[in-house]
1. Residue 29 - would you say it is surrounded by fewer than 10 Cβ atoms within 10 Å (Cβ to Cβ) and not hydrophobic (A, V, I, L, M, F, W, C)?
2. Which of the following residues is aliphatic (A, V, I, L, M), without any contact (Cβ under 8 Å) to a residue 60 or more places away in the chain and surrounded by 10 or more Cβ atoms within 10 Å (Cβ to Cβ): 4, 55?
3. Please tell me if residue 14 is in contact with a Cys (Cβ under 9 Å, 6 or more places away or on another chain) and exposed (fewer than 10 other Cβ atoms within 10 Å of the Cβ).
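Computed from the coordinates by the stated procedures, all read-outs in this text should not be read as laboratory data. Note that this is a predicted model, so its numbers are computed, not measured. Glycine also receives a Cβ, built like all others from the backbone with ideal geometry; neighbour counts cover every protein chain displayed.
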Amino acid sequence: MRLVEALCAAKGIAPPDGSAPSYADYKEGQYDLLADLIREYVDMETVYRILEDGV
C-alpha cells in the first residue's frame with residue numbers, strides 16, 4: 001500500500017480509501033450496464049413478442 005500512496009503523492013492525487021466494491025457488486029453493476037445498453041438499442045417489445053408467440 002505504501003507504493004500506491006507514494007505514487008499517488010508523486011502524481012498529486014488522493015490515494016484510494018480501500019473501500020473498493022466487492023467482486024459480486026462490481027459484476028452486478030456491469031450486468032446492469034449491459035442490460036441498459038440492450039434496452040437502449042434493442043426493440044424489447046419485439047423480443048418479448050417473439051418469446052411469447054414463438055414468431
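1. Spelling it out, it is not the case that residue 29 is surrounded by fewer than 10 Cβ atoms within 10 Å (Cβ to Cβ) and not hydrophobic (A, V, I, L, M, F, W, C).
2. 4
3. Here the answer is yes, as residue 14 does meet what is asked.
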